[in-house]
Amino acid sequence: MDGIHDLGGRHGFGAVQREADEPVFHERWEARVFAIVGAARAAGALRNTDQFRHAIERIDPVAYLTHGYYGRWLGGLETLLLEAGVVDAATIAARLAEFGGDPGEPSAARPAAVPDRVTDAAQASSRRRAPAPPQFAVGTAVRTRVDVRARHTRLPAYARGRTGTVIAWHDGWVFPDSNAHGAGENPQHLYTVEFTGSSLWGNGAEPDTSVSLDLFESYLEAVGDE
């Protein structure tokens, strides 16, 4: 899915600021959001991590950039709770007013008019046996596809249509692009692909840099394939 969440490789956001001895939660409400996500799983409103990631991707873009990490979790969680019919928009608005929130601020949640029907609950591990042997061996030159589906995907925009080298194979795993939408686990082989900085960003890239991405088999094609 192309959206505000896909920030990798974009200019203008500055260096990543690391906080020394960063706590798990900066404020108490973050811990509550973490706990509510677990409760939503138990209640069946959140079925798997891919579904949750896609809900976060769909929140209001301004909220995504300003609400922080657990604020984005909360927006995605509200989206799923609304889509599951656990709460309605009026209830959320009433609670916002009760706790002194600004009623004029746009809601982060953006539920779909016709939500995906996700029924299969996540298992302890996402590793699965793929139905066919792997197509690519370690050392193979591959190119990432550009015809990515419009919904959830784990192939970032900055790495599409780029050439890299397979440096590791990780067996079969649940395919997020289908699992997020209730379209089945559809296991695929997963590879680590290394890209040079220049292959991603051209000659202006920092010298002697590389980026390694874990990518599913359907994202890749052998160099030279039509």
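Annotations
- All of (1) touching a Leu at 6+ places or on another chain (Cβ under 8 Å); (2) under 23 Å from residue 176 (Cβ atoms) hold for residue 2 with one exception: (1).
- Filter result for residue 59 (closer than 30 Å to residue 147 by Cβ, surrounded by 14 or more Cβ atoms within 10 Å (Cβ to Cβ) and β-branched (Val, Ile, Thr)): yes
- Residue match in segment 20-34 (condition: surrounded by 20 or more Cβ atoms within 10 Å (Cβ to Cβ) and in a loop (DSSP other than H, G, I, E, B)): no
- Meets criteria (under 20 Å from the mean Cα position of the chain (by Cα), closer than 27 Å to residue 156 by Cβ and part of a helix (DSSP H, G or I)) for residue 47: no
- Wholly enclosed strands (runs of 3 or more DSSP E) of segment 145-226 bearing at least 1 residues closer than 16 Å to residue 8 by Cα, open to solvent by 30 Å² or more (accessible area, probe 1.4 Å) and of a type in the set (S, T, N, Q): 188-196, 210-216
- Matching entry among 195, 175 (being within 27 Å of residue 114 (Cβ to Cβ) and modelled with pLDDT of 95 or more): 175
- Scanning segment 87-137 for residues that are under 30 Å from residue 166 (Cα atoms), modelled with pLDDT of 90 or more, open to solvent by less than 90 Å² (accessible area, probe 1.4 Å) and out of contact with any Pro (no Cβ under 7 Å at 6 or more places or on another chain) turns up 125, 126, 132, 134, 136, 137.
The values are calculated or read from the model by the stated rules, or taken from the named source; none is laboratory data. Keep in mind that what you see is a predicted model, and the values were worked out from it rather than measured. Counting neighbours? That spans all protein chains shown, and the Cβs are built from the backbone with ideal geometry, glycine included. We work out accessible area using only protein heavy atoms, side chains counted, and drop any ligands, DNA or RNA first. Shrake-Rupley method; radii C 1.70, N 1.55, O 1.52, S 1.80 Å.
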